[in-house]
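Presented below is the structure to which this report refers.
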Amino acid sequence: MSFVTTSRNRGNAFVQAVLSQDAATIAAQEAEIARRVRNEVNRLRADAEAQARTQADAQARETLAQRDAAVNTALAALAAAQAQLAAPLAQKEQDLAALATELAFLLARHIIGVEAAANPAGLQNLLTRLIAEAEAERQPRQTLLIRLHPTDHTYLTPHVPPEVAQLLADKTIAQGGALLEIVTPDGDPAAKTEWDATIPTRLNTIRTALALPGSAAP
């Protein structure tokens, strides 16, 4: 006698249970696969975005470097142009300053010449100072000799006593100027001292003070 009993309905339920378990396993596997796919997709997307940002940053840096180089080149060109313009301007300024100084000297020479010719009293005042200086250095037996233009000699002779100084008319002395000498009786040139107040010498003194080259001979 068989103790095994068979139930058709029970077998169908078992099969359905097994199939349900397989379906759940498959669904879980599908869900895991989907999760892994999503993770991989997210990773690839993140890598792509990071690479894109890196490339964009590199491109931006390269662009900025090119712009900086262009700006530096432009600044260098501007500096060079400014230097080229500055040199002639500086030279022009020097030329103008030299011209202004030269004109000032010419004006001073003109004023001195006009003053010397029109105001012989000014020469008299100058001689008074020169005589005072020479008297302070004159030794016994030495005399003062003053060379003057003939016109000035005529005017000053009444104003300078012969015991103070001997006046000598000299056509080589320009009007308005004077050359004072301390002379000895024996005429020793080594013992001679002179004060040169001639017009050329006075103008040369002005020229030297103005740092002008050349001679101031009228």
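What follows is calculated from the coordinates using simple rules that are stated; it is not laboratory data. Fair warning: this is a prediction, and the values are worked out from it, not measured in the lab.
Couplings for segment 156-166, taken from phi via the Karplus curve 6.51 cos²θ - 1.76 cosθ + 1.60 with θ = phi - 60°, read 8, 4, x, 9, 10, x, x, 6, 8, 7, 9 Hz in order; Gly and Pro are left as x.
For segment 119-209, compute Rg over Rh where Rg is the Cα radius of gyration and Rh is the Kirkwood radius from the inverse mean 1/r over Cα pairs.
Rg/Rh: 0.96.
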